[in-house]
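The values are calculated or read from the model by the stated rules, or taken from the named source; none is laboratory data. As the structure is a prediction and not an experimental result, all values here were calculated from the model. Cβ placement follows ideal geometry from the backbone for every residue including glycine, while neighbour counts extend to all protein chains displayed. To get the accessible areas, we keep the full protein, side chains included, count just its heavy atoms, and leave off ligands, DNA and RNA. Shrake-Rupley method; radii C 1.70, N 1.55, O 1.52, S 1.80 Å.
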Amino acid sequence: MLAEKIKNVVPVILCGGSGTRLWPVSRRDYPKQFINFTGEHTLFQETLLRIQAVFEEDAVIITNNSMKFLVCHQLQQIHCKAQIIAEPSAQNSGPAVLLSALHAQTHFPEHLVAVFASDHVISGLNKFHNSISNALPAADLGNIVTFGITPSEPSTAYGYIAKGKTLSGTEAAKIDKFVEKPDVETAKNYLEQGYVWNSGNFIFAPKTLIDEYKKSDTDTYNAVQEALTHASDDMGMIIPSEHYKDAKSLSIDYAVMEKTEHAAVVTADFTWSDAGTWKSLYDIAEKDDNGNAIYGGHVVTTESVKNCLIHNASQRLIAVSQMDDTSVIATEDAIFVSHKDNAADVKSVIETLKEQGRTEAVTPSRVYRPWGWYESISNGDRYQVKRITVYPEASLSLQKHFHRAEHWVVVRGIAEVVNGDKILKLSENQSTYIPREAVHRLTNIGKDDLQLIEVQSGSYLGEDDIVRLEDIYNRS
């Protein structure tokens with residue numbers, strides 16, 4: 001049974017990221033924390049549920065403005081409450097952590113702040129609780145405490161921390177130095193010397209972090225402070241002002257931890273992975289008798305296959321034969337095949353796709369919007385077919401198109417449709433035709449997701465052919 005919830009600590013979840021290392025499932029516009037890789041929930045939701053179980057206070061989520069509605073939807077799915085702060089631009093983890101400290105200093109002046117990544121895999125809830133409890137005394141003494149992970153192998157994928165003297169009366173040690181991702185031989189030496197992996201999760205008093213930023217980067221402190229002072233409210237979310245863009249884009253390690261005299265580390269007792277590569281997901285996965293890890297929940301068949309990672313996020317059949325030590329990753333619009341241990345392949349593939357102007361490098365086949373999502377299932381000269389899902393009580397903007405007409409067919413649910421001067425109620429198997437330049441809007445008035453098929457036809461079908469006249473999400 002879990003111990004009593006931890007009090008007087010504000011849990012903060014950093015929810016940004018570029019989403020490139022687990023391509024093609026994760027992409028810039030849909031990074032890995034929002035994806036279900038290992039269980040019932042996404043990595044972000046697993047983080048939220050873990051924090052909800054351990055801390056008394058609700059979480060504060062620092063995310064990017066482009067992801068705020070996706071964060072809201074995933075919160076609703078698991079019935080979690082949180083305060084969302086949506087950055088107007090991505091400025092790396094340093095300004096985001098400073099933003100959390102300034103927010104906490106205003107609203108929770110007597111609390112500590114605990115900062116966690118949204119996309120890590122952590123198991124052992126009691127051990128997680130104990131590790132945080134072990135870090136509290138050192139944070140109370142004015143240290144910025146990070147959680148070090150005892151290495152299970154000489155990994156070249158993580159940064160390392162050299163521990164110094166133990167801080168009197170605590171379970172923490174001073175940090176002697178941070179070191180970057182090493183080569184294999186250097187990593188082996190680190191293991192022999194008792195180095196730990198740098199997990200990138202922290203706990204500190206707000207004043208400690210703020211004072212360190214004031215000393216090391218006054219301009220960034222001023223920019224983030226001004227951004228929060230002049231923040232606006234968007235449906236209960238805090239939106240810092242454009243001053244935030246003046247903050248220096250640095251990680252919290254470079255901005256503060258490698259400069260401060262108050263850096264400390266607690267060796268964590270929980271099982272941890274940053275789930276940063278397909279190889280790391282393979283390492284933590286359950287495997288069959290042939291050493292294969294199969295993700296995705298869709299149809300996969302194998303023949304004479306050993307020690308492979310197969311992730312099928314598409315609706316198609318994936319058949320793999322006569323292969324060892326290989327990653328096979330499939331989505332609706334892309335398939336990636338590589339040696340299982342070669343994570344660098346992903347980065348080079350993405351760069352090549354960008355040079356070729358391929359949208360698959362950054363945009364997933366399923367595109368998320370505040371009201372739901374859509375995906376293109378067929379397209380050609382002067383036509384496109386989309387599958388659309390609208391969340392309950394959600395609504396698309398009141399809009400029109402200059403270059404295309406649309407035909408909507410309801411597959412499931414109940415829709416209210418504004419079509420010119422008519423208001424229609426459509427249910428399963430009913431449809432409506434929307435002429436070019438007709439003002440229209442789609443609203444889900446049911447209690448379940450509304451699903452429909454949209455057939456577009458016209459001379460131009462780009463997403464920028466949308467004139468928004470009204471929008472409940474402030475996009476008009």
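Only residues that are open to solvent by less than 30 Å² (accessible area, probe 1.4 Å) and touching a residue at least 60 places away in the same chain (Cβ under 8 Å): list them for segment 171-196, please. Result: Ala172, Ala173, Ile175, Val196. Among the residues of segment 226-251, those identified as closer than 11 Å to Leu102 by Cβ and open to solvent by 70 Å² or more (accessible area, probe 1.4 Å) are Glu226, Thr229.
Among the residues of segment 334-344, what is the count of those that are touching a strand residue (DSSP E or B) at 6+ places or on another chain (Cβ under 6 Å) and either assigned to a loop (DSSP other than H, G, I, E, B) or surrounded by fewer than 17 Cβ atoms within 10 Å (Cβ to Cβ) (or both)?
Step one: of segment 334-344, the residues touching a strand residue (DSSP E or B) at 6+ places or on another chain (Cβ under 6 Å) are 336-338, 340.
Going one step further and asking which of them are either assigned to a loop (DSSP other than H, G, I, E, B) or surrounded by fewer than 17 Cβ atoms within 10 Å (Cβ to Cβ) (or both), we end up with 337, 340.
Summing the residues that are touching a strand residue (DSSP E or B) at 6+ places or on another chain (Cβ under 6 Å) and either assigned to a loop (DSSP other than H, G, I, E, B) or surrounded by fewer than 17 Cβ atoms within 10 Å (Cβ to Cβ) (or both) in segment 334-344 gives 2.
Picking from residues in segment 174-204 that are among the aliphatic types (A, V, I, L, M) and under 30 Å from Ala101 (Cα atoms), the one that is modelled with the lowest pLDDT is Val179.
Anything in segment 33-62 that is among the aromatic types (Phe, Trp, Tyr) and closer than 20 Å to Ile85 by Cα? List them, or say none. So that I can check it myself, show each step before the final result.
In the first step, residues of segment 33-62 are kept if they are among the aromatic types (Phe, Trp, Tyr); the result is 34, 37, 44, 55.
Correct list: Phe34, Phe44, Phe55.
Filter segment 209-218 for residues that are touching a helix residue (DSSP H, G or I) at 6+ places or on another chain (Cβ under 7 Å) and not hydroxyl-bearing (Ser, Thr, Tyr); which is surrounded by the most Cβ atoms within 10 Å (Cβ to Cβ)?
It comes out as Leu209.
Pick out the one residue from Thr208, Thr156 that is assigned to a helix (DSSP H, G or I) and touching a residue at least 12 places away in the same chain (Cβ under 8 Å). Spell out the reasoning first.
Working: Thr156 fails: assigned to a helix (DSSP H, G or I).
Answer to the check: Thr208.
Which of the strands (runs of 3 or more DSSP E) found entirely inside segment 406-462 contain at least 2 residues meeting this: open to solvent by 50 Å² or more (accessible area, probe 1.4 Å) and not small (Gly, Ala, Ser)? Show your work before the answer.
Numbers: elements: 415-419, 422-426, 431-434, 440-444, 450-458.
Qualifying strands (runs of 3 or more DSSP E): 422-426, 450-458.
Taken together, Thr326, Thr352 contain a single residue that is closer than 24 Å to Thr156 by Cβ, open to solvent by 60 Å² or more (accessible area, probe 1.4 Å) and over 23 Å from the mean Cα position of the chain (by Cα), which is Thr352.
Residues being part of a helix (DSSP H, G or I) and in contact with a helix residue (DSSP H, G or I) (Cβ under 7 Å, 6 or more places away or on another chain): count how many of those fall in segment 19-47. Of the residues in that region, 6 qualify.
Does at least one position in segment 394-405 carry a residue that is modelled with pLDDT of 95 or more and open to solvent by 60 Å² or more (accessible area, probe 1.4 Å)? Scanning segment 394-405 turns up at least one residue that is modelled with pLDDT of 95 or more and open to solvent by 60 Å² or more (accessible area, probe 1.4 Å). Restricting attention to segment 47-56, does a residue exist that is of a type in the set (A, V, I, L, M, F, W, C), open to solvent by less than 10 Å² (accessible area, probe 1.4 Å) and touching a His at 6+ places or on another chain (Cβ under 9 Å)? Yes.
Residue-wise test of (1) touching a Pro at 6+ places or on another chain (Cβ under 8 Å); (2) open to solvent by 20 Å² or more (accessible area, probe 1.4 Å).
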site	(1), (2)
Val224	yes, no
Glu258	no, yes
Glu261	no, yes
Phe270	no, no
Ala275	no, no
Lys279	no, yes
Lys287	no, yes
Thr301	no, yes
Ile310	no, no
